[in-house]
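Okay, so here's the structure we're looking at.
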Amino acid sequence: MRNTHPVLEAIDRHRKDLTALADRVWDTPELLYGEFASCATHTEMLRAKGFRVTENVTGIPTAVMGEAGDGGPVIAILGEYDALPGLSQVAGIAEPKPVVEGGNGHGCGHNLLGAASLLAACALKDWLAATGTPGRVRYYGCPAEEGGAAKAFMVRDGAFAGVDAAITWHPDGMTRVDDPESLANTRMDFLFTGRASHAAATPHLGRSALDAAELMSVGVNYLREHMVNGARIHYAYMDAGGTAPNVVQARARVRYSIRALELSDMLALVERVKDVARPRRGADDGHFG
């Protein structure tokens with residue numbers, strides 16, 4: 001009696017090649033929409049494994065799709081391969097040790113996400129062919145998950161037309177099936193402009209954009225007590241105006257990521273964050289605009 005599924009045998013056949021693919025992507029960490037080497041290695045592997053390949057999916061140079069099989073339902077398996085800034089890391093050790101100080105790295109495991117998704121697609125492709133089962137499997141290499149919203153643009157432009165089911169996964173510390181839950185998310189930059197001045201000789205003539213950005217962040221932090229459950233606000237200073245403390249900074253830019261379980265709650269929270277950033281109109285009317 002057979003007590004293993006033939007798909008598991010197919011996984012074992014492709015395991016070595018796809019593990020090597022994951023390692024190559026680890027070695028070439030690239031940020032959102034710049035994953036040219038990572039996309040190229042996935043495209044090369046798709047062709048080597050016999051998939052029909054479509055490059056530049058919906059006009060995105062680092063998006064790729066491979067399809068195998070005929071007729072029947074279309075099963076999509078989604079992969080990613082973008083890295084994060086500042087997470088360069090030597091492989092195989094459990095303490096921080098960057099390969100390149102301040103460089104990019106796969107701290108979120110997207111080198112595994114794309115390779116393992118493609119491994120699953122290869123195994124399903126083999127099973128469809130071996131059993132003569134009607135159906136098509138598609139592997140989608142999706143760029144820019146980390147803040148670039150590429151899948152939203154791909155959906156908008158019809159990349160997933162005809163798909164009957166889409167499957168994805170993400171590396172974690174345990175194996176489990178997650179509830180179908182996600183956060184509505186938006187990202188926006190706030191640019192403050194002031195007036196540069198010598199901070200020692202003529203500080204009274206300066207208007208600090210950095211002060212404005214910091215005051216905004218203080219105000220937004222006070223919102224955290226009054227947000228709906230599950231909402232999140234994250235921020236990063238993209239431009240603090242310079243590195244010389246004896247200059248009143250004339251420019252500062254802060255980026256906010258705002259999330260909530262419901263789209264309506266996220267949109268309402270976005271407006272509250274905008275209100276914090278808006279200049280006050282009049283001293284006594286209590287109106288922010």
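The values are calculated or read from the model by the stated rules, or taken from the named source; none is laboratory data. Everything numeric here is computed off the predicted structure, so don't read it as measured data. Glycine also receives a Cβ, built like all others from the backbone with ideal geometry; neighbour counts cover every protein chain displayed. Accessible surface is based on the protein model in full, side chains and every heavy atom, while ligands, DNA and RNA are left aside. Shrake-Rupley method; radii C 1.70, N 1.55, O 1.52, S 1.80 Å.
Annotations for the structure displayed:
- Between 0 and 90°, nearest 10: helix 36-48 axis offset from the chain longest Cα axis: 10 degrees
- Region 67-124-region 13-51 distance, computed between alpha-carbon centres (Å): 8 Å
- The C-alpha atoms of the chain define a longest principal axis, and helix 110-131 lies at about 30 degrees to it.
- Per residue, the solvent-accessible area of region 21-93 (1.4 Å probe, heavy atoms of protein chains only, all protein chains present) comes to 42 Å².
- Cβ charges +1 (Lys, Arg) and -1 (Asp, Glu), total dipole of the chain, debye: 380 debye
- Antiparallel content of DSSP bridges confined to region 1-151, in %, to 5: 65 percent
- Computed helical MRE - 222 nm, the chain, DSSP H runs ≥ 4 contributing -39500 (n - 2.57), nearest 500: -10500 deg cm²/dmol
- Estimated FRET transfer efficiency (THR243, ASP23; beta-carbon r; R0 45 Å; 0.05): 0.75
- Unit charges at the beta carbon, dipole of the chain: most positive-side option, LEU191, SER217, VAL99: LEU191
- In the chain, a dipole from Cβ-located charges (positive for Lys and Arg, negative for Asp and Glu) runs towards its positive end, and of VAL248, LEU128, ALA152 it is VAL248 whose Cα lies farthest in that direction.
- Rounded to the nearest 5, the antiparallel percentage of DSSP beta bridges internal to the chain is 75%.
- Shown is the FRET efficiency for ARG272 and GLU181, computed with R0 = 30 Å from the Cβ-Cβ distance and rounded to the nearest 0.05: 0.80.
- At a probe radius of 1.4 angstrom, the accessible area of region 132-287 per residue rounds to 62 square angstrom.
- Largest accessible area first, the residues VAL248, VAL99 order themselves as VAL99, VAL248 under a 1.4 Å probe with ligands, DNA and RNA left out.
- In percent, rounded to a whole number, the relative contact order of region 194-289 is 28, using alpha-carbon pairs under 8 Å and six or more apart.
- Among the listed options (i) 23.0; (ii) 22.1; (iii) 21.0, the one matching Kirkwood radius over Cα pairs in Å as calculated from these coordinates is (ii).
- Global geometry of region 228-270, whether rounded, prolate or oblate, following the gyration tensor of its Cα atoms and the 1.5 cut on a/c: prolate
- Axis angle, to the nearest 10 degrees, between helix 209-223 and the longest C-alpha principal axis of the chain: 70 degrees.
- Label-zone membership for region 12-30, site VAL100, 7 angstrom Cα→C-beta point, backbone N under 15 Å: 25-30
- For a straight C-alpha distance cut-off of 16 angstrom, the lysines reachable from LYS16 (same-chain residues fewer than eight places away being disregarded) are LYS49.
- With all protein chains in place and a 1.4 Å probe, the accessible surface of region 139-202 carries 53 percent carbon and sulfur.
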